Amino acid sequence: MTEKIDYLIRKETMALDTAFDPEYQTVIYDQDGVFRSRKSKLELLRDACIHYRMCDFEGVLKGTKQIFNFNKAPIVVGDGLIATPTKSPRSYDCQFIFLANIIDFDATADGLYVTFSNQQQLKLNCSLHTFQKQYSRTIICASYYHGLGKYIPWKKII
């Protein structure tokens, strides 16, 4: 695992995880490999929000919560870049998953695993129910962001 000093979240980013390391804060799963960063997950997300959307992370989170009234709201970083949290985004051990790079997920006796487009797997720290709920929320946010322009409550769609 190599260090990335100025990593910018991009379409090839698959997940951000906690490093649990005294020197590094984040493990970055990318289609080009697994990297570690001294920056926190939130710092990486803040940098990406400024770069792609020209607004701050807190504004993105506030807007998403206000429109959709979601707890654990997905972070719409930019076009095709949505970070889906497994826990509260401010939780130290929250994992951020970029669903566009997932090809499968599977609940086993050992836990919930996602498989990314490069066949790499990551064990998630949430239940299948939580992941499915977050997955649905991310799809709703993506639909809104990509042109729907208004939110139709999920219950009214079904």
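If amide H atoms are built 1.01 Å from N in the plane of the peptide, which residues on other chains or at least 5 residues away come under 5 Å of the amide H of Gln25?
Result for Gln25 returns Ser37, Arg38, Lys39.
Just the projected area, averaged over all directions, of the convex hull on the alpha carbon atoms of the chain: how many nm²?
Numbers: hull surface 38.0 nm².
Projected over every direction and averaged, the Cα hull of the chain covers 9.5 nm².
With N set to the number of residues, divide the alpha-carbon radius of gyration of the stretch 76-119 by 2.2 N^0.38 Å and report two decimals. Spell out each step's value before the answer.
Working: Rg = 11.8 Å, N = 44, 2.2 N^0.38 = 9.3 Å.
Normalised Cα radius of gyration, the stretch 76-119: 1.28.
Which percent, to the nearest 5, of DSSP beta bridges fully inside the chain are antiparallel? All intermediate terms of the calculation are to be shown ahead of the outcome.
Values: 28 of 30 bridges.
Around 95 percent antiparallel, to the nearest 5.
Quick check on the chain: helices-only [θ] at 222 nm, where DSSP H runs of length 4 and up contribute -39,500 (n - 2.57) each and the sum goes over total residues. Nearest 500, please. The partial results should precede the final answer.
Numbers: 4 runs with 45 residues, N = 158.
Rounded to the nearest 500, the figure is -8500 deg cm²/dmol.
Could you tell me the ratio Rg/Rh of the stretch 1-54? Both radii from Cα atoms, Rh via Kirkwood. Write down the numbers at each step before the final one.
Details: Rg = 10.5 Å, Rh = 11.1 Å.
Taking Rg over the Kirkwood Rh, I get 0.94.
Over all directions, the average projected area of the alpha-carbon convex hull for the stretch 94-143 comes to how many nm²? Please report the intermediate quantities before stating the final value.
On the way: hull surface 13.9 nm².
Reported value for the Cα convex hull: 3.5 nm².
Would you mind working out the magnitude of the charge dipole of the chain relative to its Cα centre, with +1 at each Lys and Arg C-beta and -1 at each Asp and Glu C-beta, to the nearest 20 Debye? Don't skip to the end; give the middle numbers.
Numbers: 20 positive and 17 negative charges, 183 e Å.
It works out to roughly 880 debye.
Throughout, read-outs are computed from the coordinates displayed, never taken from laboratory work. Since this is a predicted model, take the numbers as computed values, not measurements. Positions of Cβ are backbone-derived with ideal geometry, glycine not excepted, and every protein chain shown enters the neighbour counts.
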